[in-house]
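Report on the structure given below.
The values are calculated or read from the model by the stated rules, or taken from the named source; none is laboratory data. All values reported here derive from a predicted model rather than from experimental measurement. Here Cβ is always computed from backbone atoms with ideal geometry, including for glycine, and neighbour counts include all displayed protein chains.
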Amino acid sequence: MPTYKNQKVIFIAAPQKFTITVRGLLPRTIHYAYFEANKIDSGNIKPVNGKLGDDLLTDENGQMTFEYYYDSGLPASASSYAYFQELRASVAGTKKVVVTNINQSSLPTNYTDTSLSYAESSIGIEIYDASSSEFNTGFSEK
Amino acid sequence: MSYSFDLAQTFFVDADAVKQSDAVFITSVDLYFYSKPIQGNTKTGIASPGVTISICPVDENGPMLESAISTFSSRKEYSDILVSTVGATPTSFTFDQPTPLKTNTSYAVLIQFDGSDDDFQLWYNKSGEVKLGSTTLTQTTSGKIDGFLYKITNGKVLTPERDADLKMAVKVARFSSTNETFSLVNDAHEFLTTGEFDGTFRAGEAVYQDRTPGTGTLSCNTTSANVVGSGTSFTSTFQDGDTIVITDGTALNTDVRTIVTRTSATAMTLNAPLSFTNTSASYLKTVTGFIDYTDAITNTIVLYGSTANSTVYLSTGTTLVGVDSQASANISSINLFEAQEVIPSYAVRMPAGTAAELSVSFANSTYGYSAARSTAIQNGTRYFTAPLGSSVIHSRSNEVQNPGSRSDGKSFFGDLTFTTTNEYVSPFVRQENLDLFVNRYFINGDSSDEHTVNGNASSKYISSKVVLSANQTAEDIRVFMTAHRPTNTNIEVYAKIHNSSDTDETFASKNWSKMELVNSDTTYNSTTNIRDMSEFEYKIPTFPLASTEVTSGTFVVTNGSATITGNYSTVSSDIAAGDLVKIADPSFAENYFVASVLSANTTAFVIEEAVSNASLAGDGRVVSKATNPNDAFLNNQNNNVVRYFNVAGAYYDGFEAMSIKVVLLTNDDTKIPYVDDLRAIAVSA
């Protein structure tokens with residue numbers, strides 16, 4: 001009996017920075033950002049003109065802009081294909097970002113009802129160039 | 001995109017009104033406000049709420065809110081929103097770039113009030129009500145296609161107000177020229193090799209070149225963009241628009257700012273307040289940029305947005321520092337990027353009656369320029385290829401020191417020319433979609449040792465290990481691919497197979513067996529059309545492709561005997577134990593068998609089992625020897641079931657685990673093969 005296997009290339013997201021502007025939030029209120037329902041560590045957040053780790057505080061008009069340093073966690077030196085597979089969660093694509101006044105490690109599913117103030121959107125996480133040269137560096141047997 | 005709107009008004013784009021153009025470009029939308037919230041005393045708590053509008057398509061259910069064209073929006077802050085109690089004063093929402101819409105199609109203007117504050121009220125026309133300033137009753141049907149007003153609750157739920165329309169005006173562009181040329185240049189990149197990184201840079205973070213601080217100190221704080229110097233010479237040291245790095249030496253207390261104006265030698269205004277307060281901070285006049293790419297293995301850093309100029313530029317021996325990561329690296333060389341392939345991805349839309357053409361030129365490695373090359377825009381198509389060194393992007397720090405014939409020193413320049421025959425339409429592209437991919441190939445033409453786990457090819461793809469289902473021993477592999485293979489290039493395919501009974505070797509330690517191209521080896525694709533592809537099929541060969549024929553003499557085969565006797569006396573010089581040999585009747589190409597050699601002496605060699613085929617017996621037989629005796633082959637003595645001999649000399653028929661390796665090769669700087677899709681099938685023989 002023939003057995004068929006179709007190989008697929010997995011596109012791992014590259015480290016990248018996003019500048020995110022939010023309007024219409026509760027004024028003068030600390031908010032928290034969630035990436036795919038997980039709270040973004042403050043060490044990866046920087047209010048524009050502020051410092052890394054500063055609170056995300058809306059201005060008097062309920063606006064704020066911050067920078068988000070995204071990193072899939074895949075080290076450039078990764079050479080194990082198995083390790084690579086474990087990081088499939090870092091596949092590039094469209095990801096959901098939510099900003100809310102709720103401060104928890106993960107976003108509650110009913111955040112739209114329980115937030116005093118929230119906004120949501122999506123961002124496109126881009127990829128490493130999935131060319132053979134990149135795979136050769138990271139994932140081949142060499 | 002996230003969507004949360006409060007009102008929507010549909011409208012129809014009538015081609016009759018624009019000389020039958022296929023598309024129009026909205027430049028602005030005028031809305032008429034009756035009222036707005038009281039500043040500082042709003043019901044939402046937002047001190048100065050603004051209004052944002054966007055455009056979305058319409059289907060049979062009304063405005064498609066989730067399809068709002070996020071990149072085409074316009075916003076007015078509170079102070080810019082004009083109100084009129086007689087509906088006479090428009091507030092014009094102008095788009096940064098004209099918004100292209102198809103004609104003979106309905107769209108909707110979406111309106112979002114900050115905080116959904118219903119103290120924002122717009123003038124509208126409701127059927128049956130008295131028209132403002134008259135005694136006439138209004139009507140809402142005025143054109144060939146009616147528009148509708150929708151109220152939106154919870155940002156998403158549409159409620160039609162079918163007897164009402166907003167008072168608004170949608171304005172479209174009318175072009176005064178039939179052709180226009182835009183000049184494009186490369187971004188200010190720095191391609192750097194450094195010493196070992198101290199810390200980890202973060203993608204996108206600002207970095208600066210460490211330098212001796214400027215003379216004097218300055219006082220700064222977190223609330224004002226004005227800084228005051230002490231012992232400084234701001235006026236002579238800087239120009240308006242320069243970047244400045246300010247630090248107090250404390251971790252994370254380092255900011256990159258832009259100088260808006262220099263008021264005096266001791267006072268200037270920045271583009272934003274600092275993130276820290278200090279009365280005696282240091283400042284640097286230096287190069288800044290942003291991390292585009294880093295590789296801690298090769299100590300490579302690529303920056304974008306470099307501020308290098310003819311007086312301040314990066315140099316070797318200096319240090320780059322990350323503002324947020326505080327990582328650092330010493331610059332050891334400032335490099336260039338060699339373009340071997342250019343693919344414009346300008347996402348240029350060309351409605352009927354329009355055209356676009358691109359002309360590009362690159363610097364060469366000595367800061368001269370190639371002749372411009374022109375072509376009609378074909379998005380995603382390879383534009384040209386170039387031998388190494390003939391087309392390069394220099395680091396900005398080298399560009400500013402070697403401007404060549406261009407005053408800005410840019411390595412790349414391109415002219416994008418739009419033409420049209422209809423004043424209402426034009427080719428269009430958004431600035432952020434003006435992507436030009438400049439590729440460099442990491443590929444060579446050397447596939448030596450690719451049968452091992454350490455081949456010499458630069459470019460290869462290795463599939464994951466596939467383990468077949470239990471009791472599903474496969475007997476052959478076929479690999480199919482749709483690929484582009486121009487002349488002077490090649491695509492080699494290797495298979496790694498493992499039989500579960502083979503305990504002498506693990507799958508990982510197995511060598512690769514080169515597969516045979518079933519197609520004609522003369523099938524080559526266009527060298528100019530990268531989308532010209534062919535279907536290629538590969539199979540396990542009947543004898544390893546890498547082999548040599550023994551030319552010292554011929555051999556005698558006896559049916560029922562494992563001894564193969566030579567007609568010369570130096571057989572052991574050609575054949576040795578462990579060799580994989582093919583013994584063939586030269587008169588009949590299909591009359592052969594493959595065997596492993598157990599031993600050899602000067603006159604004969606012994607194979608692993610006696611010959612059991614009378615048609616193979618006889619003299620004058622020719623022997624070929626595989627270069628890699630562990631390569632797999634289709635065994636014609638066993639229904640073409642794949643066989644391999646392992647390192648211990650044992651043979652195995654069939655396999656349960658497999659992997660595929662595709663090796664891309666070229667002997668030409670300007671041509672590469674590539675694989676569009678790959679299918680591997682493990683089959684019964």
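With respect to the conditions (1) at the interface with chain A (Cβ under 10 Å from one of its Cβ atoms); (2) among the polar types (S, T, N, Q); (3) out of contact with any Gly (no Cβ under 9 Å at 6 or more places or on another chain), B:Ser48 lacks only one, and its number is (3). Looking only at residues of the range B:427-446 that are in a loop (DSSP other than H, G, I, E, B) and in contact with an Asp or Glu (Cβ under 8 Å, 6 or more places away or on another chain), we find that the one that is surrounded by the fewest Cβ atoms within 10 Å (Cβ to Cβ) is B:Arg440.
For the range A:34-55, which positions are within 15 Å of A:Gln16 (Cα to Cα) and within 9 Å of chain B (Cβ to nearest Cβ)? Passing the criteria: A:Asn44, A:Lys46. Filter the range B:634-685 down to residues that are of a type in the set (Ser, Thr, Tyr) and away from chain A (no Cβ under 14 Å) and give me whichever is nearest to B:Glu608 (Cα to Cα). Among those that are of a type in the set (Ser, Thr, Tyr) and away from chain A (no Cβ under 14 Å), it is B:Tyr651.
Scanning the range B:278-300 for residues that are more than 12 Å from chain A (Cβ to nearest Cβ) and either in a loop (DSSP other than H, G, I, E, B) or surrounded by 19 or more Cβ atoms within 10 Å (Cβ to Cβ) (or both) returns B:Ala281, B:Tyr283, B:Leu284, B:Lys285, B:Thr286, B:Val287, B:Thr288, B:Gly289. Residues that are surrounded by 18 or more Cβ atoms within 10 Å (Cβ to Cβ), out of contact with any helix residue (DSSP H, G or I) (no Cβ under 6 Å at 6 or more places or on another chain) and under 25 Å from B:Asp16 (Cα atoms) within the range B:94-124 comprise B:Phe95, B:Pro98, B:Thr99, B:Pro100, B:Leu101, B:Ser106, B:Tyr107, B:Ala108, B:Val109, B:Leu110, listed in sequence order. Residues that are within 14 Å of chain A (Cβ to nearest Cβ), under 18 Å from B:Thr215 (Cβ atoms) and at pLDDT 95 or above do not occur anywhere in the range B:252-259. Checking the structure you have, find out if any residue of the range B:206-224 is acidic (Asp, Glu) and touching an Asp or Glu at 6+ places or on another chain (Cβ under 7 Å). No, the range B:206-224 contains no residue that is acidic (Asp, Glu) and touching an Asp or Glu at 6+ places or on another chain (Cβ under 7 Å). With respect to being closer than 21 Å to A:Lys17 by Cα, at pLDDT 85 or above and of a type in the set (Asp, Glu), A:Glu60 falls outside the description. Once the range B:5-45 is narrowed to residues that are at positive phi and more than 14 Å from every other protein chain (Cβ to nearest Cβ), the residue that is surrounded by the most Cβ atoms within 10 Å (Cβ to Cβ) is B:Gln20. Test B:Asp240 against the stated conditions and say whether it is part of a loop (DSSP other than H, G, I, E, B) and touching a strand residue (DSSP E or B) at 6+ places or on another chain (Cβ under 7 Å). In short, yes. Scanning the range B:443-477 for residues that are closer than 21 Å to B:Asn519 by Cβ and more than 9 Å from every other protein chain (Cβ to nearest Cβ) yields B:Gly445, B:Ser447, B:Glu450, B:Asp476, B:Ile477. The strands (runs of 3 or more DSSP E) located wholly in the range B:158-199 that include 3 or more residues which are under 36 Å from the mean Cα position of the chain (by Cα) and closer than 30 Å to B:Asp435 by Cβ occupy B:179-185, B:190-194.
Within the range B:301-314, the set of residues being more than 14 Å from B:His394 (Cα to Cα) and surrounded by fewer than 17 Cβ atoms within 10 Å (Cβ to Cβ) comprises B:Ser310, B:Thr311.
Out of B:Val623, B:Val642, one residue alone is assigned to a strand (DSSP E or B), among the β-branched types (Val, Ile, Thr) and in contact with a helix residue (DSSP H, G or I) (Cβ under 9 Å, 6 or more places away or on another chain). It is B:Val623. Taking the numbered list (1) touching a strand residue (DSSP E or B) at 6+ places or on another chain (Cβ under 7 Å); (2) surrounded by fewer than 18 Cβ atoms within 10 Å (Cβ to Cβ) in turn, B:Ala327 passes all entries but (2). Please enumerate the residues belonging to the range B:197-209 that are of a type outside the set (A, V, I, L, M) and either over 30 Å from A:Pro15 (Cβ atoms) or buried (at least 17 other Cβ atoms within 10 Å of the Cβ) (or both). Result: B:Phe197, B:Phe201, B:Arg202, B:Gly204, B:Glu205, B:Tyr208, B:Gln209. Among the residues of the range B:237-250, at least one is surrounded by fewer than 22 Cβ atoms within 10 Å (Cβ to Cβ), without any contact (Cβ under 8 Å) to a residue 40 or more places away in the chain and over 25 Å from A:Pro47 (Cβ atoms).
When the range B:454-471 is limited to residues that are within 18 Å of B:Leu665 (Cβ to Cβ) and in contact with an Asp or Glu (Cβ under 9 Å, 6 or more places away or on another chain), the one that is modelled with the lowest pLDDT turns out to be B:Asn454.
Candidates B:Ser572, B:Ser509: the one that is surrounded by 14 or more Cβ atoms within 10 Å (Cβ to Cβ) and either at pLDDT below 95 or over 29 Å from B:Glu656 (Cβ atoms) (or both) is B:Ser572.
Yes/no matrix, rows are residues, columns are (1) among the polar types (S, T, N, Q); (2) within 30 Å of B:Pro344 (Cβ to Cβ):
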position	(1), (2)
B:Arg174	no, yes
B:Asn179	yes, yes
B:Thr193	yes, yes
B:Thr200	yes, no
B:Ala206	no, yes
B:Gly214	no, no
B:Thr217	yes, no
B:Cys220	no, no
B:Asn226	yes, no
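Kindly indicate whether any position in the range B:125-144 is under 20 Å from B:Thr89 (Cβ atoms), modelled with pLDDT of 85 or more and surrounded by 11 or more Cβ atoms within 10 Å (Cβ to Cβ). Yes, the conditions are met somewhere in the range B:125-144.
B:Pro63 meets each of the listed conditions (1) out of contact with any Gly (no Cβ under 9 Å at 6 or more places or on another chain); (2) within 14 Å of chain A (Cβ to nearest Cβ) apart from (2).
Tally up the residues in the range B:481-505 that are in contact with a strand residue (DSSP E or B) (Cβ under 8 Å, 6 or more places away or on another chain) and assigned to a loop (DSSP other than H, G, I, E, B), please. Qualifying residue count for the region: 7. Highlighted here are the strands (runs of 3 or more DSSP E) found entirely within the range B:16-80 that include at least 1 residues which are within 20 Å of B:Asp146 (Cα to Cα) and modelled with pLDDT under 95: B:23-31, B:51-59. If only residues of the range B:265-275 that are farther than 11 Å from A:Asn49 by Cβ and of a type in the set (A, V, I, L, M, F, W, C) are counted, the one that is farthest from the other protein chains (Cβ to nearest Cβ) is B:Ala265.
Pairing each residue of the range B:313-327 that is within 14 Å of chain A (Cβ to nearest Cβ) and farther than 16 Å from B:Lys285 by Cβ with any residue that is among the basic types (Lys, Arg) and outside any loop (DSSP other than H, G, I, E, B), provided the two are 6+ apart or on different chains, yields C-beta distances under 7 Å for B:Asp324/A:Lys46.
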